[in-house]
Structure formats: C-alpha cells, structure tokens
Amino acid sequence: QAQLVESGGGLVQPGGSLRLSCVASGFPFSSYTMSWYRQAPGKERELVATITTTSDMTNYADSVKGRFTISRDNAKNTAYLQMNNLKPEDTAVYYCNAKSWYQFWGQGTQVTVSS
C-alpha cells in the first residue's frame, strides 16, 4: 500500500527555518515526480515546489523562490523541503505529493510562523 509520511513541521518565528521530510513506501519512489503543496486556512491548496525523478529540474511558486529548496534522496525514498526566512504568510498545512501513473498524498504537517 502506497504511503507518504511527512514530518518536520512546527512553530517557528519569522525569519526562522524548518526542514520538512516526506518518507515514501509501497511504490517505486524514484519513478515519481515529487511535489510539496500547502493549504492555509480558508484558502485553496497551492503548489509550492516540484522536483523531477532524477532531480535535474525543480520549480517553485513565486512566493517561495529564493527561500525554499526542494530535494530528494532516491536511495532513502525521501523528499525534503528546506524552508528559510519563513514569513507569517507561509503558515499552512504542508502536503507531500507523488505523481506518475498514479498520484499519492501524505497526511500533511502543520507549519506555523509566528512571533
């Protein structure tokens, strides 16, 4: 059974950093494009960052360019999202997504940026 498990969320002050992890199991991780999405209260889920299967290409939402970095380790079946210089508007539930022939979602991890 395919599964994505996120971790690393929490409460951080503005300007701080967090590193989210997404551990995959039950499907061929290295064949799937990985993405991070987020959903803030009262807002639609939005795409934050995407990385290709071999890490040769990444894409970011304009709102996080220069602050967030997506990466993956296919040997560990894990995707990461390094978030630096966090802002209150980054507060959201962050979801890991795997997409290829099928699409899978994690359960989400809460990120709260507040002083």
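The values are calculated or read from the model by the stated rules, or taken from the named source; none is laboratory data. Since the structure is predicted, the reported quantities are computational estimates derived from the model, not experimental observations. A quick note on method: Cβ atoms are made from the backbone with ideal geometry, for glycine too, and the neighbour counts reach across all protein chains shown. Side chains are part of the model used for accessible areas, which takes the heavy atoms of the whole protein and leaves out ligands, DNA and RNA. Shrake-Rupley method; radii C 1.70, N 1.55, O 1.52, S 1.80 Å.
Some notes on this structure:
- Of all residues making up segment 13-38, the number that are open to solvent by less than 60 Å² (accessible area, probe 1.4 Å), over 13 Å from Ala98 (Cα atoms) and of a type outside the set (Gly, Ala, Ser): 3
- Hey, Met34 within 30 Å of Ser114 (Cβ to Cβ) and either touching a strand residue (DSSP E or B) at 6+ places or on another chain (Cβ under 9 Å) or among the hydroxyl-bearing types (Ser, Thr, Tyr) (or both) or not: yes
- Scope segment 57-99; condition farther than 12 Å from Ala24 by Cα, touching a helix residue (DSSP H, G or I) at 6+ places or on another chain (Cβ under 8 Å), surrounded by 14 or more Cβ atoms within 10 Å (Cβ to Cβ) and not β-branched (Val, Ile, Thr); matching residues: Met83
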